[in-house]
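Notes to accompany the following structure.
Just so it is clear, none of the values below were taken in a lab; they were calculated from the coordinates. The shown structure was predicted, so the numbers you read here are calculated from the model rather than taken from an experiment. Using ideal geometry, Cβ is built from the backbone for each residue, glycine included, and neighbour counts are taken over all protein chains shown.
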Amino acid sequence: MGLATLCLFSLAAVGQVLAGQLTVQSPRLSVIGKDASIVRSEPISLAAVNKAAPVHLDSTETLKLAFTVVAKDKDPNVESKNVQPHQTFVRFYEKLSGEEGVVPVRVTQNGKAKFELNLARPPAALPPTPLVQNKTNPLSVSLLLGSYSHSPFKLELFDLYLPPSQPAPEHPDEKTFHPQPEIQHTFRPAEKLPNRVISGVGALLVAGGPWILLLGLLSHITISLPYATSISILPFTLSLAAFEGLLVWYWADLKLGEVLAYGAILGLITAVTGKTALSKRGAWRVQGAQRK
């Protein structure tokens, strides 16, 4: 949908509540040759079923349109009057390619308007007409009128055949709006997993090896822990074991904030139980020295 059509739709929304309908009187087309001779001249019917015959224009000819803009009141007894609309365009539309161009038309205060299309100096908005199967496609020509004080008006005029021209230049980003080649991803082949038995034996050696070595060394050392299960020592030992368990839990599931919170509680408990264990151990040493 072109800019001119959008503008007319905007005006139509206002015109629905206003009196009067825009229309044209005595529309006429003329084709003037290079020597100023009249090649064709005929009135244009306002009835859609009586659309004018196609117009063929070569590079040396000029197309002219003339019409008068009037406003018809909703009351049929009120005489129509000449008006100057706020917007007047001649629209050129190529149906197959969708190319569209609108050219503004100057209308005098008494509603008189003239439009000329000279192919020696074509307007920039004129759509291109490249050759398609050794012929050019016609441009559908229509007249658009819009006003803030009257309902808009559109009149299909005729089909216009122009000499071949260069195709429309391709926009730099045109190719990005067409289907692109499918992206082919190359992934690294899946790694081959080692044998499960070998993996299990390796994991067992890594996880259990240090403990087996530690227990083997401890078996050669005589360890005497007469107070390990004492009510004063056992809470301290359990609090140290709880710290080790907290680290394992952190590695498996906990977040840092949770570890700090639990660690603070365990730290307080370990400090209290550790002080109690050291005090009790000191008392036992004093008692042992006195016995000697």
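Remarks
- Each part reduced to its alpha carbon centroid, the range 94-128 and the range 147-226 end up 52 Å apart.
- Ile233, Ile212, Ile221 arranged by Cβ crowding within 10 Å, fewest neighbours leading: Ile221, Ile212, Ile233
- The base-10 log of I(q)/I(0) for the range 3-166, evaluated at q = 0.12, 0.14, 0.18 Å⁻¹, reads -0.55, -0.74, -1.15 [Debye formula, identical scatterers on Cα atoms, solvent excluded].
- Where a label projected 7 Å from the Cα of Ala120 along Cα→Cβ would reach, residues of the range 57-71 with amide N under 19 Å: 57-65
- Charging the Cβ of each Asp and Glu at -1 and of each Lys and Arg at +1, and nothing else, the dipole of the range 3-166 about its Cα centre rounds to 200 debye.
- For the range 224-291: rounded, prolate or oblate by the Cα gyration tensor [a/c cutoff 1.5]: prolate
- Filtered trypsin sites (Lys or Arg not before Pro), the range 211-285: DSSP coil and at most 10 other beta carbons within 10 Å: Lys255
- Principal-axis tilt of helix 234-252 within the chain, Cα atoms, nearest 10 degrees: 30 degrees
- Each label was represented as a point 7 Å from its Cα along the Cα-to-Cβ direction; for Asn82 and Ser37 these points are 3.3 nm apart.
- Distance between the pseudo-spin-label points of Ser232 and Trp284 (7 Å out from Cα toward the beta carbon): 0.8 nm.
- Close amide H contacts of Leu157 (hydrogens built in the peptide plane, cut-off under 5 Å, sequence separation of 5 or more or a different chain): Val141, Ser142, Leu143.
- In this structure, the residue pairs whose Cα-Cα separation is over 24 Å, taken from Lys72/Lys95; Lys95/Lys175; Lys114/Lys135; Lys154/Lys175, are Lys72/Lys95; Lys114/Lys135; Lys154/Lys175.
- Projected label distance in nm at His171 and Tyr148, using a 7 Å step from Cα toward the beta-carbon: 3.1 nm
- Helix 196-218 axis, angle to the chain major axis (alpha carbon atoms, nearest 10°): 30 degrees
- Exposure proxy order (Cβ contacts within 10 Å, fewest to most) of Val70, Val201, Val103: Val201, Val103, Val70
- Signed unit charges on C-beta, dipole axis of the range 242-292, positive-most listed residue Val286, Leu260, Gly245: Val286
- Low-density loop cleavage sites - trypsin sites (Lys or Arg not before Pro) in the range 109-140, where at most 15 other Cβ are within 10 Å (DSSP): Lys135
- Exposed-loop-free span, longest in the chain, where GluC sites (Glu not before Pro) count as exposed if DSSP calls them loop and at most 10 other C-beta atoms lie within 10 Å: 192-292
- Note on the chain: with a GNM built from Cα contacts shorter than 10 Å, the maximum mean-square fluctuation among Ala47, Ala252, Ala125 falls on Ala252.
- Computed over the chain, relative contact order equals 16 percent, with contacts defined as Cα pairs under 8 Å that lie 6+ residues apart.
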